[in-house]
Structures are given as C-alpha cells and as structure tokens.
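Undergrad: Before anything else, here's the structure in question.
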Amino acid sequence: MLKVVHDADASNENGATGGSLIDEIVRDGARAMLAAALAAEVAAYIDAHLGEVDETGHRLVVGNGSHQPREVTTAAGAVPVRAPRVNDKRIDAETGERRRFCSVILPAWARKSPQVAEVLPLLYLHGLSSSDFGPALEQFLGSAAGLSPATITRLTAQWQDDAEAFNKRSLADIDYVYVWADGTVRHEALCDRAGVEDPRRPVVVATG
C-alpha cells in the first residue's frame with residue numbers, strides 16, 4: 001500500500017524504491033486502473049455467456065482465479081499485473097477446439113504497451129545500440145523487462161523486414177498528392193521594399 005509521508009527527509013526526489021514519489025503514485029494508480037479494467041473485461045465476457053450451460057445445467061464460461069503475476073512496461077513505468085483467468089468450456093463448431101478468452105487490453109504474453117513498443121524503433125534509428133536500451137529506458141520506465149539485447153536484436157530484424165516489405169510494396173493502384181515545402185530567408189533589400197521589420201524572419205514556401 002502506498003504511503004505519502006510529509007517529511008523533509010522523504011522528498012519527491014527520493015521515493016521508497018529509489019525513484020521519485022510522484023512516479024510511485026502514478027505507477028500505483030496505473031496498476032489499480034489496469035486491474036479494474038481487466039476485471040471489468042472478464043466480467044463482461046462471462047456475463048455475455050451466462051445462458052450457456054452444459055447438460056447438467058452448469059455454466060460453460062466461469063472465472064478461474066488469476067494468471068501468474070507479470071510486469072508490463074508502460075508509459076507510466078513498470079506496472080505489476082495479475083490478470084484474471086477465464087474457464088471457457090465451449091467447443092468451437094468449426095475447429096472442434098476449446099474456445100479461449102483473449103483480452104483486448106492485455107494480450108497473452110504482452111510485456112510492453114503498444115506506446116512503448118512504438119518508441120523502440122525510433123531510438124534504434126537515432127543510433128541507440130541494442131545493449132543500451134535496457135540501461136537507458138530503465139531510468140524512465142522503472143524496469144528493463146522486455147528490453148534485453150536479445151529482445152532488441154529480434155525486434156531489429158523484424159523492423160528491417162518490415163522496412164524492406166514497405167519499400168517493395170506496389171504503388172500501381174495508389175495516387176499520392178505531393179507537396180513541396182522549403183524555408184528561405186529573405187534578402188534585406190526585398191525586406192525593405194516589402195516593409196518587413198525583421199529581415200531575418202524565414203518564410204516557408206509550399207507548392208503542390
């Protein structure tokens with residue numbers, strides 16, 4: 001349980017876990033909100049199938065405890081998660097296999113939020129090496145989980161494959177509108193004739 005202590009020695013720069021108190025509060029709030037959202041998602045799924053029962057009258061879709069706890073790296077930092085489980089005994093008529101509950105909020109085995117995942121390729125493009133992702137982001141996210149060099153190397157290969165597929169895509173059926181834009185600084189003589197007070201003010205020119 002988070003405790004806020006009004007003490008000069010317990011400043012905002014030295015939280016109980018080595019981080020700031022405000023980050024601690026944000027992470028605790030994010031954990032509580034995520035837990036509530038997951039519980040509501042599971043409850044809605046179970047309620048949607050209340051009328052489905054087996055030959056003995058027992059419900060086919062019920063809650064079944066919780067999954068093992070895991071840590072998910074989010075924009076609010078590393079958030080501990082213990083997702084609720086669902087026991088879905090229904091059989092898919094087409095495949096003959098058991099149906100499974102799939103969380104939209106927290107997909108199976110997810111360790112990073114989509115927002116964090118979108119930042120990683122940008123850092124890679126800016127020259128951050130695979131071994132530096134963990135140490136660099138751990139200070140901001142509170143954890144280096146899911147940011148090991150092996151993980152980044154695997155993601156790098158995926159990004160390169162995506163880029164290659166993007167570059168080789170067909171543009172035969174696509175029409176693009178091009179806009180050319182550039183910036184220029186006007187000559188002082190032109191500024192005088194135009195009555196411009198600041199000759200250093202740049203002008204953005206766009207054509208298309």
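The values are calculated or read from the model by the stated rules, or taken from the named source; none is laboratory data. All values reported here derive from a predicted model rather than from experimental measurement. Every residue, glycine among them, receives a Cβ derived from its backbone with ideal geometry; neighbour counts consider all protein chains shown.
Undergrad: Being exposed (fewer than 11 other Cβ atoms within 10 Å of the Cβ), within 27 Å of GLY127 (Cα to Cα) and at pLDDT 75 or above: is that true of ALA163 here?
TA: Taking the combined requirement at face value, the residue does not satisfy it.
Undergrad: Of all residues being assigned to a strand (DSSP E or B) and either acidic (Asp, Glu) or at pLDDT 90 or above (or both) in the range 57-75, which is nearest to ARG90 (Cα to Cα)? Just the residue, please.
TA: The qualifying residue nearest to ARG90 (Cα to Cα) is VAL61.
Undergrad: For ASP88, all conditions in the list (1) acidic (Asp, Glu); (2) modelled with pLDDT under 90; (3) in contact with a strand residue (DSSP E or B) (Cβ under 8 Å, 6 or more places away or on another chain) hold save one; what is the number of the exception?
TA: Result: ASP88 fails condition (2) only.
Undergrad: Right, here's the next one. When you look at ARG70, is it touching a Gly at 6+ places or on another chain (Cβ under 7 Å), in contact (Cβ under 8 Å) with a residue 24 or more places away in the chain and surrounded by 14 or more Cβ atoms within 10 Å (Cβ to Cβ), yes or no? Break it down stepwise before answering.
TA: Values: touching a Gly at 6+ places or on another chain (Cβ under 7 Å): no; in contact (Cβ under 8 Å) with a residue 24 or more places away in the chain: yes; surrounded by 14 or more Cβ atoms within 10 Å (Cβ to Cβ): yes.
Spelling it out, it is not the case that ARG70 is touching a Gly at 6+ places or on another chain (Cβ under 7 Å), in contact (Cβ under 8 Å) with a residue 24 or more places away in the chain and surrounded by 14 or more Cβ atoms within 10 Å (Cβ to Cβ).
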